[in-house]
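The values are calculated or read from the model by the stated rules, or taken from the named source; none is laboratory data. Since the structure is predicted, the reported quantities are computational estimates derived from the model, not experimental observations. Cβ atoms come from the backbone with ideal geometry, glycine included; neighbour counts cover every protein chain shown.
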Amino acid sequence: MNIQGISMMVDPQQSSGNGGAGKIARDFHQLRQELFAGDLTGASQTYADLQGLLPHGTGPAAHALQAIGQALQSGDISGAQSDLRHYSWIHRHQQEVRSDIAQLSDGLSTGNLQEAQQAFAALQGLVGQRNPNGPISQALNNVGAALQNGDLSAAETAFATYMQDLKGQSQVVLDPTASMSVSA
C-alpha cells in the first residue's frame, strides 16, 4: 500500500465525499440542544433521525451512540447528556489521532524526518501501549524504531503495516461513526 492510499484511510469522509455530513452535524447540534434543554421527545426524534444517517459501527463511538439511545428509551435525560459528553470526548480523541496519523503520513511521503518524528511522538502519546505485545503496538513500535534510526523507507513500510493492522482490527481511529462533528 502506498502512502496516498493510507491517507484516504485516515478520514472516512475523505474517501466517501461529504454526503450527509452536514445534516449529521446539524442533527448532532440539535440533539445536544434538545438534551440540555430537557426535551426528551425532541431528543428522541432527533436521535432516531441520526440512526438513519449514521453507519453502523462497532467501535467506542458507536457504543457511546447506542448508550445515548438506550438512555433516551428509558427516559434518562441526564444519562443521555452524560453519554453525549462521553461521545464528544471519544470523537475529539479520534480526531486528534487521525490528525497525527495524517501528519505522520505527510512527513513520510515528503521525506520530512523531523515532521514524521514529531507526529509519531504525538500519536504515541495519544494511543499509548494498550497491548504492548499486540500486532498494532508492535507495528507502531517498528515505525518509531525506524524513525529513530532515520530510516524513512523502513518507517514507511512499518507505517503501511500499522495502517493495515488498524484497518483489520477496526480500531478507534478508523471508526466511521467518529467522523461526525459534535460538541457538548
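Hey, any hits in segment 136-146 for a residue that's polar (S, T, N, Q), touching a residue at least 40 places away in the same chain (Cβ under 8 Å), surrounded by fewer than 17 Cβ atoms within 10 Å (Cβ to Cβ) and in a helix (DSSP H, G or I)?
No.
Just one of the numbered conditions (1) part of a helix (DSSP H, G or I); (2) under 29 Å from residue 45 (Cβ atoms); (3) modelled with pLDDT of 95 or more is not true of residue 75; which one?
(1)
For residues that are more than 23 Å from the chain's Cα centre (by Cα) and in contact (Cβ under 8 Å) with a residue 24 or more places away in the chain, tally how many sit in segment 35-66.
6
What residue, of 61, 21, 43, 80, is at pLDDT below 90, surrounded by 20 or more Cβ atoms within 10 Å (Cβ to Cβ) and of a type in the set (Gly, Ala, Ser)?
Within the list 61, 21, 43, 80, the selection yields 61.
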